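The values are calculated or read from the model by the stated rules, or taken from the named source; none is laboratory data. Everything quoted here is computed from the prediction, not taken from an experiment. Because the Cβ atoms are built from the backbone with ideal geometry, glycine has one as well, and the counts that use them run over all protein chains shown. Only protein heavy atoms, including side chains, enter the accessible area calculation; ligands, DNA and RNA are left aside. Shrake-Rupley method; radii C 1.70, N 1.55, O 1.52, S 1.80 Å.
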Amino acid sequence: MGTRLLLCDCLGSQTVDASAIDAATSLDPSKVYTNLCGTQAEAAAKAMEAGDVIIACAQEGAFFDMLAEELGIDAPNLVDIRDRAGWSDEAAKAGPKQAALAAEAVLTLPAPKVVDVVSEGTCLIVGAGDAAFPAAEQLCETLAVTVLQTDSSDVPMDRRFDVVRGRVRSLTGALGQFDVRIDGFAQLLPGGRGAFTFSAPKDGAVSECDLVIDLTGDTPFVPAPHKREGYLRADPRQPGAVAALLAEAVQMVGTFEKPLYIALEPALCAHSRAEQTGCSKCLNICPTGAITSDGDHVAIDPMICAGCGACAALCPSGAIAYDAPPVSAVFRRLDALSSTYRKAGGIAPRLLVHDADHGGEMIRLAARFGRGLPADVIPFAMDSLAAFGHAEMLAALSCGFASVEVLLAPRTERDTPEHEAMLANALSGEGRVQVIDMVDPDALSDHLYGDAVPKPVASPSLPIGTRRQVARVAAKSLNPEAEILSLPQNAPYGAVLVDKDACTLCLSCVSLCPSGALGDNPDLPQLLFQEDACLQCGICATICPETAITLEPRMNLTDAAFSQVVLNEEEPFACIECGALFGVKSTIEKITEKLAGKHSMFATSDAAKMIQMCDNCRIQAQYHSQNNPFALGEPRIPRTTDDYLTDSPYSKRKDH
């Protein structure tokens, strides 16, 4: 028997299709219970003690965790087939979706890599005295507090926390390792009678702390402040927000696990070559500033990275990959959902991509109080919506989903999902991908029920390989008759176009191409190009001294994209001495025309002929020429001891 699936109809409020789940999955569904979290909890306890069980109830997870603790066993896995399927106007037709959701729950996905972050509770509060001092008084018993006062109001006599004055010049780092640069830094002088005084202000002071509380109410010190762990910011004019912030700050002491969201392979990065900038998509899109230029590639600070995943979605080469979980896990989930849905009798599933917080709550509210989701709409939770790029969208379409809709959350940056949806639509050939921005659960249900359902791909394919490989295979399966697909600007696929009249075949573009898409022929003056490998990074166009290169964003679906084609070629020049082929004929002729008889080095006819010789013959000709640069002249006569004894003014000395 497979994994046991405990089914419950939640007091008879939903229809559970156990037969569809049994037929389409490897699970062993139980009979349909009515109240596993209440009167039938004993049945749940027995199944949990037997082990290898999944409970089809996500709402009462806390109850089943408590039950497992009482039994001394691990907490069971849970799957929600009620809010996402059973509570719906189309619940009677939701059997295939319930089977698909159950099949997804069985998948074993890799755990994200993590690193320990230690916070000892060293806290810097920045703000005016009327906001910062009360906050310090509340936190000083728990945290080691220092107030950076930004105004000159009176300082309280409370010495449980330190007070300095100044202004923040820069703030870097994250929880456990903030680095603060302060100008106008003045320390409190605790001695003397009367009000406290301060030292003379100085610029360039450095402070390190674990936690920063910003109560200035001004421009934040870091980009995307809500994504920077350990940086807490609230408007001092809102007491409720400040109180919530202080309650959160108290919890930020100890050792925490920080997920390593991104995996970087510098060798694949197409950021720059020879100080010529190429691809900067990740640098431009990163909201937290975690990505910086580091020579020919980029560097990522994992402590600052908030895991939005936009860089991974936009990276054309795969140098940056989302790793929490990896994209292969996303492809596995998509295939499990689609294939199980079809196996259970469904025909054209639609995918609703959402985040766990906003999107999950929208689905739960729509199910409990509204129409719920249509029977053919399968929800797909992502930790990061921006990481669901065009490759993932195309993978969903190619493995059998009829359409993909991405439900944005209020804090989701729109640029990446919208760009990737536009690219996915260009590659899929139809408007199969939508980005929706809604905060009303009823409006979401109405939109999904009224949305037209396109036909899914005729022959679903298994998404395997890199994101570029999956995108190409998907585009080909979705456009069986097409050969060339035009793509929007900044697409990571395309061709290199060369102006043959301007190109001199200097091949500087070949030497700097980061992906090897451009190549040369060691035997002939040829510029070769393999379109499948081109990243459209633009380094070739930037470096070309003749401005002969332009880029054309497109997807070539033919096999020609995998072969090298000749972009430009010319007749080689034959050495006038030995006949060996070297250089480009037109280039040698132009150089001869410009230099022969006009430059001091090539003033004579014999010297001018050297331009038309290969390397070996040119050296031979120079060696035997009258003004041979390699000649050493007459050798000097060696001097002996006798020469010194004869010529030296000391030659009459007795000891010689």
(message) Which aspartates and glutamates, if any, have their Cα less than 17 Å from the Cα of Lys594, not counting same-chain residues under 8 positions apart?
(response) Asp606
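Remind me, relative contact order of region 1-70 in percent, using alpha carbon pairs under 8 angstrom and six or more residues apart? All intermediate terms of the calculation are to be shown ahead of the outcome.
Values: 91 pairs, mean separation 26.3, N = 70.
Relative contact order, region 1-70: 38 percent.
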(request) Can you tell me the equivalent ellipsoid semi-axes for region 96-222? Use √(5λ) from the Cα gyration tensor, largest first, whole Å. (result) 43, 16, 14
(request) Give, as a single signed number, the net charge of other residues whose beta carbon lies under 15 Å from the beta carbon of Phe602, with Lys and Arg counted +1 and Asp and Glu -1. (result) +2
(message) Can you tell me how region 35-88 classifies by the Cα gyration tensor, rounded, prolate or oblate, using a/c under 1.5 as the rounded cut?
(response) prolate
(request) Determine the sum of side-chain charges near Leu394: Lys and Arg each +1, Asp and Glu each -1, restricted to other residues whose C-beta is under 14 angstrom from that of Leu394. (result) +1
(request) Report Arg368's accessible area, 1.4 Å probe, all protein chains in place, as a number in Å² to the nearest 10. (result) 120 Å²
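What pairs in Lys46/Lys97; Lys227/Lys343; Lys97/Lys258 have C-alpha atoms more than 31 Å from each other?
Numbers: Lys46/Lys97 28 Å; Lys227/Lys343 41 Å; Lys97/Lys258 34 Å.
Listed pairs above 31 Å: Lys227/Lys343; Lys97/Lys258.
Using only C-alpha positions, report the orientation-averaged shadow area of the convex hull of region 217-274, nm², one decimal.
If you wrap the Cα atoms of region 217-274 in a convex hull and average its projections, you get 6.9 nm².
Report the per residue volume, in Å³, of the convex hull enclosing the C-alpha atoms of the chain.
Convex hull of Cα atoms, per residue: 331 Å³.
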(message) Tell me the Kirkwood radius of region 330-481: reciprocal of the mean inverse pair distance over distinct alpha-carbon atoms, in Å.
(response) 15.3 Å
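If the chain between Ala241 and Ile484 were fully stretched, how many nm would it gain, using 0.36 nm times the residue separation less the Cα-Cα distance? It would help to have the intermediate numbers written out before the result.
Working: separation 243, 0.36 × 243 = 87.48 nm, distance 5.44 nm.
Using 0.36 nm per residue and subtracting the Cα-Cα distance, I get 82.0 nm.
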(message) What distance in nm separates the two pseudo spin-label positions at Thr34 and Ala452, each 7 Å out from Cα along the beta-carbon direction?
(response) 4.6 nm
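Nearest 5 is fine: what % of DSSP beta bridges in the chain come out antiparallel, could you say? Could you put the intermediate results ahead of the total?
Details: 50 of 90 bridges.
If we restrict to bridges inside the chain, about 55 percent are antiparallel.
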(request) Provide, for q = 0.12, 0.13 Å⁻¹, the log10 of I(q)/I(0) from a solvent-free Debye sum over equal Cα point scatterers in region 353-406. (result) -0.30, -0.35
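Ordering Lys227, Lys202, Lys500 by how much accessible area each has at a 1.4 Å probe, largest first, what is the list? The partial results should precede the final answer.
Details: Lys227 40, Lys202 140, Lys500 120 Å².
From most accessible down to least: Lys202, Lys500, Lys227.
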(message) Quick check: the distance between the Cα centres of region 451-516 and region 293-353, to the nearest angstrom?
(response) 19 Å
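All other residues with a Cβ under 13 Å from the Cβ of Glu570 taken together, and with Lys, Arg as +1 and Asp, Glu as -1, what is their net charge?
Details: positive: Lys500, Lys585, Lys590; negative: Asp501, Asp520, Glu569, Glu571, Glu589.
So the environment of Glu570 carries a net charge of -2.
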(message) Rounded to the nearest 10 Å², what accessible area does His624 have for a 1.4 Å probe in the complete protein model?
(response) 140 Å²
(message) How much length would be gained if the chain were fully extended between Ser605 and Arg411, taking 0.36 nm per residue of separation minus their Cα-Cα distance, in nm to one decimal?
(response) 62.4 nm
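For region 9-111, state the average projected area of the convex hull of the C-alpha atoms over all orientations, rounded to one decimal in nm².
On the way: hull surface 26.4 nm².
Mean projected area of the Cα convex hull: 6.6 nm².
Pop out the Kirkwood hydrodynamic radius of region 255-341 from its pairwise C-alpha distances, inverse of mean 1/r, in Å to one decimal. Intermediate results must be reported in sequence, preceding the final value.
On the way: mean 1/r = 0.0715 Å⁻¹.
Computed over region 255-341, the radius equals 14.0 Å.
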(request) In nm, give the distance between the simple-model label positions of Ser26 and Ser293, each being 7 Å from the Cα along the Cα-to-Cβ direction. (result) 5.0 nm
(message) Taking R0 as 56 Å, what FRET efficiency do you get between Gln469 and Asp116 from their Cβ-Cβ distance, rounded to the nearest 0.05?
(response) 0.95
(message) What are the equivalent ellipsoid semi-axes of region 506-592, built from the alpha-carbon gyration tensor (square roots of five times its eigenvalues), in whole angstrom, biggest first?
(response) 28, 15, 10
(message) Just to be sure I understand the model, the point goes 7 Å from the Cα along the line to the Cβ. What's the resulting Asp158 to Leu507 distance in nm?
(response) 7.4 nm
(request) State the extension gain, in nm to one decimal, for the chain segment bounded by Met422 and Ile73, taking 0.36 nm per residue of separation less the distance between their alpha-carbons. (result) 120.8 nm
(request) Report, in whole Å, the centroid distance computed from the Cα atoms of region 21-64 and region 254-291. (result) 44 Å
